[in-house]
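Take a look at the structure set out below.
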Amino acid sequence: MAEGIRVGVIGLDTSHAIEFPRRMQAPDVEPAMKVPGLRAATCLRFATPFQNEEQLDDRQRQLEQWGVKVTRRFEEAIEGVDALMLEINDPAFHLEYFGRCAGLGLPVFLDKPMADTIANGRKIAEIARERGTRVFSSSSLRFVPALEDARAAVPRPALASVYGPLGKAPAGSSVVWYGVHAFEMLQRALGRGAAAVLTKRDALGAAVVVRYPDARRGVVELTENSHLYGGCLRALEAAAPFVVDLSRAYTEQLARAARFFRGGPAPVAMEDTLEVMALLDAAERSYQSGREEPL
C-alpha cells in the first residue's frame, strides 16, 4: 500500500462523502485536521431522495479534483480498494448496500444511522456475522472530547440529558435520520440496558424520556432549526454539563476508522450500535403513537 489504505466510498448523497476524503487528501486541508495513511480512491454515485442530480454533480467534481474516481458501477467502486466507507444519507439504502459489500473481505465503516429500522439493523448485524465482515457504525458525536470529559467527571451517571438537532428528512423518519447524533451521546453516557422510550412532540421538535429498569433516566431533546449539541451527566451528588465543539468531530471519527481499517478493534461494539438503533426505532414509534414504546 504505497499510498496508504485505499478507501472506496459507497454513496454520494451526504456531505460526509466529501468531508472524509477532504481529511484524507485535500491539498488545502489544515494539517491538524488531516488523517494520514488513507486515500479515497473511488466513489459510487447513485440517486436517493436526499440529493438532486445537480448537487451530486457538484460533489463529483470536487472529489475528482482530489483524484477520486467517481463511478455508477459497483464493481468499479470496489476494485483495488482496501476498505469501504458506506456514506449513504438515506438509511433505507443501508441494508441493500451493506449486503453487497459484506463478504468481500474488506473492513467496512457504515455511517450513521446503522439502518432505517431496528429490524433492518439486526439483519445487517446478522449478515456481518454470517459473512465474517468486520464492520462498525456510529455517529461522530459519540467520540467528541466534551462528552468524554463529562464521562470522566461523572463515570457512573444515574441521569443523562442530551440535546441535538431534529433535521427534516426528505424521506423516512426524521427522528431516526438525525436523532441518531443525540442518542449516540446518550447511549455512550449511560451504556446498555434501556427498557422503553416515551416521545412527546412540541412546537420546537420532540422531547424523549428513556426509561431504564435500574432507576437510571435518560432525556433526549431534539430541536428543529438548531444545530447545537450538548448535555449534562449527573449522579446524585455530582453534575457535569458539556457543550460540544464540532470542529474536530469528523477528524476524530476518521482517525478511529483508520485504526479499524488497519486491523484494530471496532471502536464501537455491535451491541452498542444495535441499542442505539433500538432506541431510535422506539423513539420514532412513540413519536407516532404518543405512548411509551418498548425497545
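Since every read-out is calculated from the coordinates, none of them should be taken as a lab result. In this text the structure is predicted, and so the values were computed from the model without any measurement. All Cβ positions, even for glycine, are placed from backbone atoms using ideal geometry, and neighbour counts span all protein chains on display.
DSSP beta bridges in region 1-148, what fraction antiparallel, as a percent rounded to 5?
5
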Item to complete: Describe numerically, in nm with one decimal, the distance between label points set 7 Å from Cα along Cα→Cβ at ALA269 and at GLN65.
Response: 4.4
Worksheet, complete the sentence: region 5-139, Kirkwood Rh and Cα Rg, ratio Rg/Rh at 0.95
Worksheet item: At PHE46 and MET33, where each label point lies 7 Å from the Cα along Cα→Cβ, what is the point-to-point distance in nanometres?
Response: 3.0
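Need the full-extension length gain, ARG217 to ARG122, defined as separation in residues times 0.36 nm minus the C-alpha distance. One decimal, nm. Before the final figure, lay out the partial values.
Values: separation 95, 0.36 × 95 = 34.20 nm, distance 2.52 nm.
Here the answer is 31.7 nm.
Write down the Å³ per residue value for the convex hull defined by the alpha carbon atoms of region 225-284.
Numbers: hull volume 9.9 nm³, N = 60.
Hull volume normalised by residue count: 165 Å³.
How much length would be gained if the chain were fully extended between ARG73 and GLU130, taking 0.36 nm per residue of separation minus their Cα-Cα distance, in nm to one decimal?
Working: separation 57, 0.36 × 57 = 20.52 nm, distance 2.55 nm.
Extending this stretch completely gives an extra 18.0 nm.
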Worksheet item: So what's the convex hull volume per residue for the Cα atoms of region 152-193, in Å³?
Response: 72
Discussion item. Treating only the Cα positions of region 141-295 as identical point scatterers, give the base-10 log of I(q)/I(0) from the Debye formula at each q in 0.10, 0.12, 0.16 Å⁻¹.
Written reply: -0.34, -0.49, -0.88
Fill in: For the chain, with +1 on Lys and Arg beta carbons and -1 on Asp and Glu, the positive-most of GLY164, VAL70, ALA152 along the dipole
ALA152
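Tell me, TRP177, TRP66 in order of fewest to most beta-carbon neighbours within 10 Å? Show your work: numbers first, answer last.
Values: TRP177 25, TRP66 16.
Final ranking by Cβ density, sparse to dense: TRP66, TRP177.
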Worksheet item: In nm, to one decimal, how far is the ALA158 label point from the ALA195 one, both placed 7 Å along Cα→Cβ?
Response: 1.6
Worksheet item: How big is the Cα convex hull of the chain in projection, averaged over all directions, in nm²?
Response: 15.0
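Under 8 Å for C-alpha pairs, at least 6 residues apart: give me the relative contact order for the chain, rounded to a whole percent. Before the final figure, lay out the partial values.
Values: 636 pairs, mean separation 54.7, N = 295.
This gives 19 percent for the chain.
At a threshold of 8 angstrom on Cα-Cα distance, excluding pairs fewer than six apart, so keeping six or more, what relative contact order does region 195-249 reach in percent? It would help to have the intermediate numbers written out before the result.
Details: 67 pairs, mean separation 11.9, N = 55.
Dividing the mean separation by the residue count of region 195-249 yields 22 percent.
Based on Cβ point charges of +1 for Lys and Arg and -1 for Asp and Glu, what charge dipole magnitude is obtained for the chain about its Cα centre, in debye rounded to the nearest 20?
Values: 36 positive and 38 negative charges, 134 e Å.
Around 640 debye, computed over the chain.
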Worksheet item: Cα centroids of region 187-226 and region 52-107: how far apart, whole angstrom?
Response: 33
Response to the item:
Given unit charges at Cβ for Lys, Arg (+) and Asp, Glu (-), the dipole magnitude of region 5-139 about its Cα centre in debye, nearest 20, is 480
Worksheet item: Tell me, in nm to one decimal, what length is gained between ARG262 and ARG291 on full extension, where the rule is 0.36 nm per residue of separation less the Cα-Cα distance?
Response: 6.0 nm
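Mean separation of Cα pairs under 8 Å and 6+ residues apart, divided by the residue count of region 5-139: what relative contact order is that in percent?
Details: 249 pairs, mean separation 34.5, N = 135.
26 percent.
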Item to complete: Please report the Cα spread of region 1-52 along all three principal axes, rounded to whole Å, starting with the longest.
Response: 35, 24, 12
Worksheet item: How large is the convex hull of the Cα atoms of region 82-233 per residue, expressed in Å³ as a whole number?
Response: 124
